[in-house]
Amino acid sequence: MCGDVEKPIYRFTVLFFNCLLTFGSYYCFDMPSVLQDQMEKDWHCNKTENATCCTDCLGMSPSDYNLLYAVYSWTNAFVVIFAGVFIDKYGNQIGALLFSAFCVIGSCVFALGTHYRGTDYMVPLMLFGRLVFGAGNGSLTIVQNRITSFWFAGKELALAFGFTLAFSRLGSVLNFFLTGHLTDAVGLKYTLWIGAGLCGLGFISSVIVGCLDVHGFRKLGMLDLINTQSKEMRISDVKRFSLSYWLVIFTIMFFYNGVFPFVADASKFIGDKYDFDDNTAAYIAGAVYDVSLLLSPFLGGFIDIFGKRGILCIACSVLTLPVFGLLAFSRVHPLISTIWLGIMYSVAAASMWPSIPLVVSQAVIGTAMGIATSLQMIGVGFSNLIVGEILSNRSDRSWQYVMIYLFVNIALCCVTSIALNYFEMKRGGILNLSRKEAKDLSDEGTENRDTETLVSPIND
């Protein structure tokens, strides 16, 4: 009855196109980080003998620049909760098409804004573009995680999450390596249009993965059942989410509060403090994602087998603290810090996000992921604003204060991850179980595990 959809080749084909959903959007997300110098430098110049003109600069203030990230985060914080409910009710196919289209439209409006340089329209257009882009990219990630959670539940779940992260970070890595050179070759405006074109790749992938997903459900004989149960889902069901779920998402929020605002300003920080040129600073900042790209799939496979997700949450948060201590108080080469941060970020992503499907019913995974993403983006949005305000003061110690602020967020992550493990230990420690231990505790056959988890009642 099920045909080829039960074979590994089918679910890994789904995974490949699922990974491509966010490749282009992640390339676009951190383009401002690489282009921060051009965005903030004044494009005006005096025609004096020693003057140097930046003909492609935008003249944004540090507050306006950081607002580009804050608006993205706030939009995510508001939209993704409703997007999660929407996806649970109407399915992955519709969600993937809609939100990938938002990414394309938002990135195009953002690029269009640069054509109004020197006018009152530039910043509002760019902010509106980031707003639409944020509504699409955060929600698209929920679709991606929901597809991954179904097709790999009880199998290679963390490995699959690792591959989706790796593909996303491949987009980020290529941004840090290529965007500076593209800007030198074709200018800032056309570089942003190239990024918008890459978002079109995600839209094409959404068509393919949506068809594969629906075809698989139909072949498994589960399409009608899932549609019926999804329509029974109510937003009030979030009241039944366990304390473990809430501790997981607060752990995610505090950790990402440290990482994402750092990456957003890392190129300029490294250039200012360590006197590197723009391209070299971008390479060093991009090492966070370089390492994540290489490690994420392997870490995912390791965690699938050995478990210990909760313990790894503690480990990666504690071991991230020295990164911001070094950046704040030493002159140690920044590449050491960015590589180490990349390792810890990889461990965090491979252990924290795959923990969510283990503590909620798969029937409400979209809503659960939406709330998690929302809380994360609320934190990151406020952190970007705080960082922007600190840097706007232009104190000699501004960067040091930024690193101390990021350090505090990671310290709070340590607190929530310890609380998570304490509570999980009292409940049997599902997050720390290995694959073998989880199978030993299962009352049902392994062959039915992923299907039963998906269709278990919402109020179980």
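The values are calculated or read from the model by the stated rules, or taken from the named source; none is laboratory data. It should be emphasised that the depicted structure is a prediction, and the values quoted were computed from it without experimental measurement. So basically every Cβ, Gly included, is an ideal-geometry build from the backbone, and we count neighbours across all protein chains shown. Quick note on the areas: whole protein, heavy atoms, side chains included, nothing else; ligands and nucleic acids left out. Shrake-Rupley method; radii C 1.70, N 1.55, O 1.52, S 1.80 Å.
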For Gly187, which sequence-distant residues (separation of 5 or more, or a different chain) have an amide H within less than 5 Å of its own amide H, given hydrogens modelled in the peptide plane?
none
Of Gly379, Leu20, Thr119, whose Cα points farthest to the positive end of the dipole of the chain (charges on the beta-carbon: +1 Lys, Arg; -1 Asp, Glu; origin at the Cα centre)?
Gly379
How many percent of the accessible area of region 314-437 is carbon or sulfur, using a 1.4 Å probe?
71 percent
Along region 100-111, Karplus-curve 3J(HN,Hα) (6.51, -1.76, 1.60; θ = phi - 60°) to the nearest Hz, with x for Gly and Pro, reads 5, 5, 4, 4, 5, 4, x, 5, 5, 5, 4, 5
At q = 0.10 1/Å the base-10 log of I(q)/I(0) from the Debye formula over the alpha-carbon atoms of the chain is -0.69
Tabulate in residue order the Karplus-calculated ³J(HN,Hα) for region 412-426, using 6.51 cos²θ - 1.76 cosθ + 1.60 with θ = phi - 60°, rounded to whole Hz; enter x for Gly and Pro.
5, 4, 4, 4, 5, 5, 5, 4, 4, 5, 4, 5, 5, 4, 6
Two-site FRET efficiency, Phe306 against Asp440, from Cβ-Cβ distance with R₀ of 22 Å, rounded to 0.05
0.90
FRET efficiency, Asp275 to Ile194 (Cβ-Cβ, R0 30 Å, nearest 0.05)
0.50
For Ser63 and Tyr422, compute 0.36 nm times the residue count separating them, minus their Cα-Cα distance, and round to one decimal in nm.
125.2 nm
Inter-label distance, nm, simple model (7 Å from Cα along the C-beta direction), Asp120/Arg394
2.5 nm
Keeping every protein chain present and rolling a 1.4 Å probe, give me the accessible area per residue for region 355-409 in Å².
34 Å²
Phi angles of region 385-402, converted by Karplus (6.51 cos²θ - 1.76 cosθ + 1.60, θ = phi - 60°) into ³J(HN,Hα) in whole Hz with x for Gly and Pro, give 5, 4, 4, x, 5, 4, 6, 5, 6, 6, 6, 5, 10, 4, 5, 5, 5, 4
With a 1.4 Å probe and every protein chain left in place, tell me how much accessible area Lys41 has, in Å² to the nearest 10.
100 Å²
How high is the relative contact order of the chain, given as a whole-number percent (alpha carbon pairs under 8 Å, six or more residues apart)?
26 percent
Going down the table (Lys273/Lys308; Lys7/Lys436; Lys89/Lys436; Lys155/Lys219; Lys155/Lys308; Lys268/Lys308), which pairs top 28 Å between alpha carbons?
Lys273/Lys308; Lys89/Lys436; Lys268/Lys308
Taking placed amide H atoms and a strict 5 Å upper bound, the residues 5 or more places from Gly307 or on another chain that come that close are Arg435
State, to one decimal in nm, how far the label point of Arg218 lies from the label point of Leu294, with both points 7 Å from Cα in the Cβ direction.
4.4 nm
Helix axis angle, 309-329 relative to the chain longest principal axis, alpha carbon, degrees
10 degrees
Enter the Cα centre distance for the pair region 379-412 and region 264-287, rounded to the nearest angstrom.
17 Å
